[in-house]
Every structure is written in C-alpha cells, then in structure tokens.
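Colleague: My questions will all concern the structure given below.
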Amino acid sequence: MGDKRRFWIGFNRVLGIGPARVQKLLDAFGDLEAAWNASREELRAAGLGPKTIEALLDTRYRLDLDQEIAQVDRYGFKIMTWEDEDYPPRLREIHAPPPMLYVWGEVRDEDRYAVAVVGTRRATAYGKAIARDVATILAASGVTVVSGLARGIDSIAHRAALDAGGRTLAVLGSGLDQLYPPEHRSLAESIAAQGAVFSDYPLGTRPEPKNFPPRNRIISGLSLIVVVIEAGEGSGALITADFAVEQGRDVFAVPGDIHRPASRGTNRLIRLGAHPLLSPDDVMEALNLDLIARQELVPTRIPEDETERRILEALSNEPLHVDEIQRRCGLPVSQITASLALLELKGHASQVGGMHYILAREPSATYRVE
C-alpha cells in the first residue's frame, strides 16, 4: 500500500469521521489521498457537514503525515485498511467495520476460526478455572482465542492459549503504544509474537473508559462465537455479547451461583437466550457444526436478473448487513431489500437477525441467532 497508508492514518485522527464518512469520501473521491487534499467546497459537495469539514481542515493543517507513518514504522506496527486483502474477512462483514487497524504481530488466514473468551476483571477462582480450560481446549484444537488484554478473565484466556501453543488476538481500548493495564506489557509482547494485538485508535490514545465499549465490537467481529465466562451486571463483557448478537454470532455464557455478583450478568444472558456453557466441549461442538455447514452451501444458484446476480455474489455463509450488501452491489437499498425478500422465498438467501443475510444452506444445516 506504500505511502497511501498516511492518508488512512490522517482520517483516523479526524474527530467525527468514522466508517460511514470514510465510505462517503471514497465514493466521492475514489481514494483517501484525493479526499485529504480536497477543497472545502469539494468536501461540502461530498456530503460532509461544516463541523466535520472544520475538524478535517484543522487536522490537515497541524498533522505531519510523514511523521505519523514514521512513528508507526519505528514501533514495528503495521497498518491494515479496507483496501488490504489480509484485512480480517469476518470483521470486514460486520456493520460499520473499522476503516483501519493498527496491528502489532501477524494476522493469519487461520484466525478466521476464532472464539472470543471474555469476562469480568474481578474473576473468581471458579471463573478463572473455566476460562483457562476453555481457552486451552480451543487453542490446542487450532482455534484462535480473542480477548481484550484486561485483568481477570481476558488475561487468563490469552495466557492459556499461549501456554497451549495456540494463537491469540488482543484488542485494545487505547493506542498500541499506550498498553493497558501496564503490567500486561510482557503478555502483549508474547501475544504479538504468537498472534496479534489490534487497535483502531491512533497512537498516543490514552486508555480512557469511553474507549473500551466501542472496541468490543471488534472482539466479537473477529470471532465465530463469543463465550462470556463471568460478568457483573455492568460488565463490558455484556457489551461484547450485545455486539455479538447484532453481528449474528452465537453467544455462550457460563451459569453461576445466583448469589455471586460475577454470575449475575452471565445468568441474565442465559435467561435472554444465550447458550449455557456446561462444558468446554459445547463450544467445540458448535464450531464443528459451523465447519460442517461451510461445506453444505447450496452449490448452484441461478439468478433471474442482474440484481439477484450481484446480491448472490456479495453473500456468503458469514452474516452480512443489508447496508454492506447495498454498498457492495451499488444499488438502491429498496431494490436490494425487495430482491432479498424474493431470494428468501426461493430458498437462496436467509435472514439471520438484525437485517443480516447469508446464503441459504442445505435443510440439514442450521444457523441460530439468539
């Protein structure tokens, strides 16, 4: 990608420009270099509001993009954007995926088979033991373990995966150069050597409380399944579970003592429809079903018009939001939704919740969204 990485970094630093506006700029200018150098009038014509334009012009004036990219390279980090083929495919298909990621370590194709293991920072001995067992079995079976590098359940899951010789991914709520908690630096280094550490926050971003809930969409977005080990009623792990449901992922929760604060969140998830985790094997069985389903996609689909052809080419066995389908097909959303309804009736597409669609599977295969 060369020097064009600079412009993705630049827009990542502009307050008020997220995935939707980045896509709007790409549609208007073709690439972010042209958008970065656009005039006020051109930016207004592209659909940006006055406040966003002022924020962009101010950032453009004071930011040295060459210095920004030099800093990334000096740390040994990588930049991964929507334009890169190795951008995580599962994350690419969620609603509003991060336009760019800072990466410390290596992303591999095998990381498509990943499970998030998350939970409270105030883990009990019970929760710690289960987190260790689940992460160990997953990693030993070749499944990548995803978590958030936090104290408690997250760090236990990462360490167990590393000890089992497997891969693990960590997602931060700060810049990669602002590791939190600081005592997990050696753990982060081990993860980067045996997996990857991600952040969509610019370098220098402090680990403020407001940063952590949004990063949870990346944790679930990278994963096939989210396992919540222990969670209090206000736990960030519950936010990850909410994102997982929106993204069409299965959620498992560990049942616990009704008198324990750390079990209140997981017990509530089960009441709301999450799968109770009674054994680490439950997750492996769910993954096996998913792998079987990948091989049972309907082999032939005959589109009746150009709209159906475009939609079927965009769909896969991974849930795709209707907005992303519309973006990929370049057709009006009303036309997309009408054709999707017909494709469902014909048995070629299935809605799996939250306006997410997949290619229809053989009758023997199932896909559940709680």
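Throughout, read-outs are computed from the coordinates displayed, never taken from laboratory work. Given the structure is predicted, the values throughout are model-derived calculations rather than measurements. Because the Cβ atoms are built from the backbone with ideal geometry, glycine has one as well, and the counts that use them run over all protein chains shown.
Colleague: Take the alpha-carbon centre of region 208-227, take the same for region 15-29, and report the distance between them in whole Å.
Modeller: For region 208-227 versus region 15-29, the Cα centre distance is 22 Å.
Colleague: May I pose another question? Kirkwood hydrodynamic radius, computed over distinct alpha-carbon pairs, for region 81-148: how many Å, to one decimal? Present the calculation step by step, with values, prior to reporting the outcome.
Modeller: Working: mean 1/r = 0.0719 Å⁻¹.
Hydrodynamic radius (Kirkwood, Cα pairs) of region 81-148 is 13.9 Å.
Colleague: Using the Karplus curve 6.51 cos²θ - 1.76 cosθ + 1.60 with θ = phi - 60°, what ³J(HN,Hα) values do you get for each residue of region 95-102, in whole Hz, with x for Gly and Pro?
Modeller: 5, 6, x, x, x, 9, 10, 8
Colleague: Next question, about the same structure. Evaluate the distance, in nm, between pseudo-label points positioned 7 Å from the Cα of GLU344 and of ARG151 along their respective Cα→Cβ axes.
Modeller: 4.6
Colleague: Quick check on the exposure proxy: order MET100, MET355 from fewest to most C-beta atoms within 10 angstrom.
Modeller: MET355, MET100
Colleague: How would region 306-359 be classified by its alpha-carbon gyration tensor: rounded, prolate or oblate, with rounded meaning a/c under 1.5 and the a/b versus b/c comparison settling the rest?
Modeller: Details: a/c = 1.36, a/b = 1.14, b/c = 1.19.
Because its axes are fairly even, with a/c under 1.5, region 306-359 counts as rounded.
Colleague: Given Cβ point charges of +1 (Lys, Arg) and -1 (Asp, Glu) and nothing else, what value in debye, to the nearest 20, does the dipole of region 2-68 about its Cα centre take? Please report the intermediate quantities before stating the final value.
Modeller: On the way: 11 positive and 11 negative charges, 47 e Å.
Rounded to the nearest 20 debye, it is 220 debye.
Colleague: Given H placed 1.01 Å from N in the peptide plane, which residues other than close sequence neighbours of TYR113 have an amide H under 5 Å from its amide H?
Modeller: THR144
Colleague: Can you compute log10 of I(q)/I(0) for region 57-108 with the Debye formula, treating each Cα as one identical point scatterer, at q = 0.14, 0.20, 0.29, 0.32 Å⁻¹?
Modeller: Normalising to I(0) and taking log10 leaves -0.48, -0.82, -1.09, -1.18.
Colleague: Is the shape of region 118-209 rounded, prolate or oblate, going by the alpha carbon gyration tensor and its root eigenvalues a ≥ b ≥ c, with a/c under 1.5 for rounded and a/b larger than b/c for prolate? Walk me through the numbers on the way to the answer.
Modeller: Values: a/c = 2.35, a/b = 1.43, b/c = 1.65.
It comes out oblate by the Cα gyration axes.
Colleague: Please compute the modelled spin-label separation between ASP3 and ASP323, points set 7 Å along Cα→Cβ, answer in nm with one decimal.
Modeller: Between ASP323 and ASP3, the simple spin-label model gives 3.4 nm.
Colleague: Please give the contour-minus-distance gain from ARG108 to ARG74: 0.36 nm per residue of separation, less the Cα-Cα distance, rounded to one decimal in nm. It would help to have the intermediate numbers written out before the result.
Modeller: Working: separation 34, 0.36 × 34 = 12.24 nm, distance 2.26 nm.
Taking ARG108 through ARG74 to full extension adds about 10.0 nm, to one decimal.
Colleague: Next question. Test of understanding: ordering GLU85, GLU324 by Cβ neighbours within 10 Å, fewest first, what list do you get?
Modeller: With the sparsest Cβ surroundings first, the list reads GLU85, GLU324.
Colleague: Can you list residues from other chains, or at least 5 along the same chain, whose modelled amide H is less than 5 Å from the amide H of ALA349?
Modeller: Residues meeting the criterion, in which the H sits 1.01 Å from N, are GLU344, ALA360.
Colleague: Once every Cα of region 17-160 carries one equal point scatterer and solvent is ignored, give the base-10 log of I(q)/I(0) from the Debye formula at q = 0.15, 0.18, 0.21 Å⁻¹, two decimals.
Modeller: Cα-only, vacuum Debye calculation for region 17-160: -0.91, -1.08, -1.26.
Colleague: Additional query: What list of ³J(HN,Hα) values in whole Hz, one per residue of region 326-333 in order, does the Karplus curve 6.51 cos²θ - 1.76 cosθ + 1.60 (θ = phi - 60°) give from phi, with Gly and Pro shown as x?
Modeller: 3J(HN,Hα) across region 326-333, in whole Hz: 4, 5, 6, 8, x, 10, x, 4.
Colleague: Would you work out which of GLY49, LEU32, PHE7 lies farthest towards the positive end of the dipole of region 2-68, given +1 charges on the beta-carbon of Lys and Arg and -1 on that of Asp and Glu, about the Cα centre?
Modeller: Most positive-ward Cα: GLY49.
Colleague: Continuing with this model, one more query. Hey, can you grab everything whose amide H is under 5 Å from the amide H of GLY256? Only 5+ residues off in sequence or another chain; H modelled, so Pro and N-termini drop out.
Modeller: Counting only residues 5 or more places away or on other chains, the set is ASN267.
Colleague: Report Rg(Cα)/(2.2 N^0.38 Å) for region 2-68, keeping two decimals. Walk me through the numbers before you get to the answer.
Modeller: Values: Rg = 10.7 Å, N = 67, 2.2 N^0.38 = 10.9 Å.
Here the answer is 0.99, to two decimals.
Colleague: Using +1 at the C-beta of Lys and Arg and -1 at the C-beta of Asp and Glu, which of GLY166, ILE218, GLY119 has the Cα lying farthest in the positive direction of the dipole of the chain?
Modeller: GLY119
Colleague: Moving to a separate point now. Based on Cβ point charges of +1 for Lys and Arg and -1 for Asp and Glu, what charge dipole magnitude is obtained for the chain about its Cα centre, in debye rounded to the nearest 20?
Modeller: I would put it at about 1020 debye.
Colleague: Within the P(r) computed for region 138-291, what percentage of the Cα pairs occupies the region above 17 Å? Provide the component values of the computation, followed by the final result.
Modeller: Numbers: 7256 of 11781 pairs.
More than 17 Å apart: 62 percent of the Cα pairs in region 138-291.
Colleague: In a solvent-free Debye calculation with one equal scatterer on each Cα, what is log10 I(q)/I(0) for the chain at q = 0.14 Å⁻¹, listed in the order of the q values?
Modeller: Rounded to two decimals, the profile gives -1.21.
Colleague: If packing is taken as the average count of other Cβ atoms within 10 Å, what order do 172-184, 138-150 fall into, highest mean first?
Modeller: Top to bottom by mean Cβ count within 10 Å: 138-150, 172-184.
Colleague: What share of the DSSP beta bridges in the chain is antiparallel, in percent to the nearest 5?
Modeller: In the chain, DSSP labels about 45 percent of beta bridges as antiparallel.
Colleague: Please compute the length gained on full extension between ALA20 and ASP86, using 0.36 nm multiplied by the number of residues separating them and subtracting their Cα-Cα distance. Each step should come with its number before you reach the end.
Modeller: Values: separation 66, 0.36 × 66 = 23.76 nm, distance 2.11 nm.
Stretched out fully, the ALA20 to ASP86 stretch lengthens by 21.6 nm.
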